[in-house]
Every structure is written in C-alpha cells, then in structure tokens.
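Remarks on the structure that follows.
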C-alpha cells in the first residue's frame, strides 16, 4: 500500500523528490502518512478534497484482501 500511495502522489506533484510516505501498522489498522512539499499540498488534496478522497478509495479497494483498515493521512 505504501508504494501505491507513493506512485500516485509522485505523479500528481511538481516536486516528486519531496514525497514521503510513512507506514505505521497496528493489529487491525495500517496508517499511511503522506508528506509532500507545501507548494504541492493543493494538488494532492484537490478541489473540495476530491483527489484525496480518490486516493483513499483506491487504497481502500486495494486493501480488501489484507483484511485490515488502511487510513491515508495527508500531513
């Protein structure tokens, strides 16, 4: 999941070298913290949060086989 979020974010931003994804895993939850350059924050969030919602939907669909809840936080 970490690699998936990283690939999507790098495709959206102007500074792909600044994209970092930190993964924290618990028993039933995986938390992915996405960090981008401050200039690229709007590109990752999108109008009314549509791009962020789309990223979360893709990750949720991909994590169905893991049987864990995956949370994407944009920091």
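Throughout, read-outs are computed from the coordinates displayed, never taken from laboratory work. In this text the structure is predicted, and so the values were computed from the model without any measurement. Counting neighbours? That spans all protein chains shown, and the Cβs are built from the backbone with ideal geometry, glycine included.
With springs only between Cα atoms under 10 Å apart, run a GNM on the chain and tell me which of 20, 65, 43 wobbles the most. Highest fluctuation of the listed residues: 65. Exposure proxy for 27, 40, 14: other Cβ atoms within 10 Å of each Cβ, ordered fewest to most, give 27, 14, 40.
Modelled spin-label separation between residue 35 and residue 48, with each label point placed 7 Å from Cα along the Cα-to-Cβ direction: 3.2 nm.
Among 63, 38, the ranking by other beta carbons within 10 Å of each residue's beta carbon, starting with the fewest, stands as 38, 63.
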